2 protein chains.
Amino acid sequence: MSKIAVIIADLFEDSEYVEPAAAFKKAGHELVHVGLEKNAVVQGKSKGTRVKVEEAVADVSVEDFDALLIPGGFSPDKLRADEKAARFCGDFLVSGKPLFAICHGPQLLITADVLRGRKVTGWKSIIQDIKNAGAQFLDQKVVEDGNMISSRQPSDIPDFIAASLKKLKVSSEQ
Amino acid sequence: MSKIAVIIADLFEDSEYVEPAAAFKKAGHELVHVGLEKNAVVQGKSKGTRVKVEEAVADVSVEDFDALLIPGGFSPDKLRADEKAARFCGDFLVSGKPLFAICHGPQLLITADVLRGRKVTGWKSIIQDIKNAGAQFLDQKVVEDGNMISSRQPSDIPDFIAASLKKLKVSSEQ
């Protein structure tokens, strides 16, 4: 089973954290919530879901985890104002370990400048940013490109979860 | 005196609307609040300031105004998911009329793809997006480039207002 980092800050889109997190746990994976400040409690933007940050991003590295989940909402905007958070996500993508990003999630990878040549989807407001970052934007429920799975919005969550669980299974068998 | 469009949606950064708006009115200018839906009331993200949208962006054009103010916060992200809102802001910049953008404001101009070759500043989370859009990012309180004034954050507001009022004065005398 995999140890999955969830990088999260205030104003995350509740469903884009709650639903994948529940599915990953149900499948037997371990989640570690990583954020800007250890022991801070962050809240979702739609339903006020509360999540405790277990590790500060400054204290972790890619080697500590098997996979990364980046929920959307305005959490990625808050995280990417922090250089270490952007670098952690960028290092993750480059490492080849599974990375799951939904909605505004790809913003962290744009700041890390690691999307050049990638196929990516995301929330409609960031389409031009994804293109300008040198990636190919695809308007699909799920885009799989190497170790990266991306989706656009809450209605894509069931497909996002299915693709992510499959990727974790394949990755753990390698 | 100038007729200034303020393009605004929910979760705007209160101070980045309230302070420039008060200064512009005090100087005798007229403000028209433009948004996604006529008569909707939008709210600020920090202090819950309420603003009534007087005109839908779909019903206005650059010809109706002398200048444009784009407050920051998460309002620009919500607006730029709407093609007409992005186009209105892009058309404004290209028209040569004064345009004032602070914090996340330049996001609308990135989506409109009109920043190539411009000197721009903005909130730190969007620095890479500004660069990827072909603009030169400058880490300054105020950047003036032709008809565009940009600033980074709430602490820049006094300088942002001073530069904007000066630009309105020069523009009305031309």
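Worth pointing out:
- Kirkwood Rh, angstrom, the protein assembly as shown [1 / mean 1/r, Cα pairs]: 20.6
- Of all chain B residues, the closest to the B-onto-A rotation axis by Cβ, with that distance in whole Å, is B:Asn132, 2.
- Projected onto its three principal axes, the C-alpha set of region A:114-174 covers 35, 25, 12 Å, listed from the longest axis down.
- Loop-located GluC sites (Glu not before Pro) in region B:59-167 (DSSP state other than H, G, I, E, B) with a sparse environment of at most 16 neighbouring Cβ atoms within 10 Å are absent.
- In plain terms, the bigger the Kirkwood radius, the slower the diffusion; for region B:72-174, with that radius from Cα pairs, at 4 °C and 1.567 mPa s, Stokes-Einstein puts D at 97 µm²/s.
- Looking at chain A alone, DSSP beta bridges between its own residues are antiparallel in about 25 percent of cases.
- Annotation note: chymotrypsin sites (Phe, Trp or Tyr not before Pro) in region B:1-54 located in DSSP loop regions with a Cβ neighbour count of at most 15 within 10 Å are absent.
- Top of A:Val57, A:Val18, A:Val114 by mean-square fluctuation, Gaussian network on chain A, Cα under 10 Å: A:Val18
- Between copies, B:Asp113 shows label-point distances of 2.3 nm, shortest first, with the point placed 7 angstrom from Cα along Cα to C-beta.
- Taking 0.36 nm per residue of separation and subtracting the Cα-Cα distance, full extension of the segment from B:Glu173 to B:Lys47 would add 41.7 nm.
- Taking the Cα centre of region A:3-173 as reference, the dipole from Cβ charges on Lys and Arg (+1) and Asp and Glu (-1) amounts to some 340 debye.
- Each eigenvalue of the Cα gyration tensor of region A:13-96, multiplied by 5 and square-rooted, gives one semi-axis; in descending order these are 19, 17, 12 Å.
- Amide N proximity, region A:1-37 versus A:Ala162 label position 7 Å along Cα-to-Cβ, cut-off under 12 Å: none
- Label spacing, shortest first and in nm, from A:Gln140 to its equivalents in the remaining copies (7 angstrom along Cα→Cβ): 4.5
- For region A:49-89, the convex hull drawn through the C-alpha positions has a volume of 83 cubic angstrom per residue.
- Nm distances between copies for B:Gly48, ranked from closest, using label points 7 Å along Cα→Cβ: 1.2
- Residue with peak Gaussian network fluctuation, chain A [Cα springs, cutoff 10 Å], from A:Arg116, A:Arg80, A:Arg152: A:Arg116
- Length-normalised contact order for chain A - Cα pairs under 8 Å, 6+ apart - percent: 20
- Chain lengthening between A:Arg116 and A:Ala40 when straightened (0.36 nm per residue, less Cα-Cα): 24.0 nm
- Each principal axis of chain B carries a Cα extent, and these read 37, 36, 30 Å when sorted largest first.
Quick note: the coordinates plus some simple rules give every number you see, no bench work behind them. No experiment lies behind these values; they were computed from the predicted model shown. Neighbour counts run over all protein chains shown; Cβ positions are idealised from the backbone, glycine included.
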